[in-house]
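Structure, as C-alpha cells:
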Amino acid sequence: MSLRVAVAGAAGRMGQAVCAAVDGAEDLALTGRADPALGVGLEDVLDGADVVVDFTVPDQAVGNARTCLAAGTHVVIGTTGFELDDLRAVCDDHPGANAFVAPNFAIGAVLMMRFAAEASRHMEAAEIVEYHHPRKLDAPSGTAKRTAALMEGDVPIHSVRLPGVVADQDVILGDVAQTLTIRHVTTDRTSFMPGVLLAVRRVAALPESPTVGLDRLLWG
Ligand SMILES: NC(=O)c1ccc[n+]([C@@H]2O[C@H](COP(=O)([O-])OP(=O)(O)OC[C@H]3O[C@@H](n4cnc5c(N)ncnc54)[C@H](O)[C@@H]3O)[C@@H](O)[C@H]2O)c1
C-alpha cells in the first residue's frame, strides 16, 4: 500500500513542487493539500495521511508540527526560520509520532556543509554569503545558520536577496595568501525533491524525534 502524504503550504513555491514530486512517486499517494490560499486547513487533511510535509512560514511551522504529532501523524519540516528548541519541546510532549527537519534538502548543500565543517578545522577564518529570492521571509537562511553552527570559530553570515536566485551559498575560507570557496548553486526547486521524498519514506522509523538534517539520513 502507498504511503499517504499530505502537504502543508501546498499552494506555495515549495509546496507545489512537493505535491508534484509525491504525485510522481509510485510508492507515495498525495492525499491532501492544505493551505489558507486553497481554503483547506491542516486539520482537514490529517485524517488519512501517514506523513505531512510542511513548507509554510516561520511562525506556523511549530504549531503545525504540534497538530500533526498530536494526531499521531509524522511530519517532515522544510520550513526555516523558527526556533528548533520550540520544536524539541513539542516533540517531547508528543512521542507517538516523529518529526524530521532539514534546513536544506538538496544533496549538494548537505555536502557543502560537510566540506565547510572540515575546512574550518584547517583554515584561519571563514565567512558565509547566502543568496535567495527576495520573497524569502527569514534572514540569514536556515542553511547558513546550520553551516555556521557546524563550522569551527565565529563565522559571520551575509544575506543577499535578489530576483533570479533560488537558493545559493558560498562558504569562503581564508588563510595565509589563499582563499578557498565552497559554492552550492540551485537552478530549480526540484533540487530539493529527492531529499524530501527520502525523509518522507524514513520519518516513521527514526529513532530520535526531532531528527535534524538530511545528513542524518544519508550517513547516520
Ligand atoms: N528545507 C529546504 O530545503 C527549503 C528549501 C526551500 C525553501 N525552504 C523554506 O520553505 C518555506 C516555504 O518556502 P516557499 O518559497 O515555498 O514559500 P511560499 O511563501 O511560496 O509558500 C508558503 C505557503 O504556506 C502557506 N501557509 C501559510 N500558513 C500556513 C498554514 N498554517 N498551514 C498551511 N499552509 C500555510 C502560504 O499560504 C503559502 O502558500 C520557507 O520557510 C523557506 O525558507 C526550505
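Rule-based calculations on the coordinates, nothing more; no lab input. Everything numeric in this text was worked out from a predicted model, so none of it was measured. Glycine gets a Cβ as well: all are built from the backbone with ideal geometry, and neighbour counts include every protein chain shown.
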Can you show me the helix-derived [θ] at 222 nm for the chain, built from DSSP H runs with n ≥ 4 at -39,500 (n - 2.57) apiece and divided by the number of residues, rounded to the nearest 500.
-9500 deg cm²/dmol
What residues of region 130-163 lie in the reach of a label at V57, counting those whose backbone N is under 13 Å from a point 7 Å from the Cα along Cα→Cβ?
136-138
Between V53 and residues 5 or more places away or on another chain, the pairs with built amide H atoms under 5 Å apart involve A6, V7, A8, V76
Computed from the beta carbon distance with a Förster radius of 25 Å, FRET efficiency for R135 and D86 to the nearest 0.05 stands at 0.55
For region 6-151, Kirkwood radius (reciprocal of mean inverse C-alpha pair distance, Å):
16.4
Using only the alpha carbons, work out the radius of gyration and Dmax of region 1-56 in angstrom.
10.1, 30
By average Cβ neighbour count within 10 Å, what is the ranking of 101-110, 36-45 from highest down?
101-110, 36-45
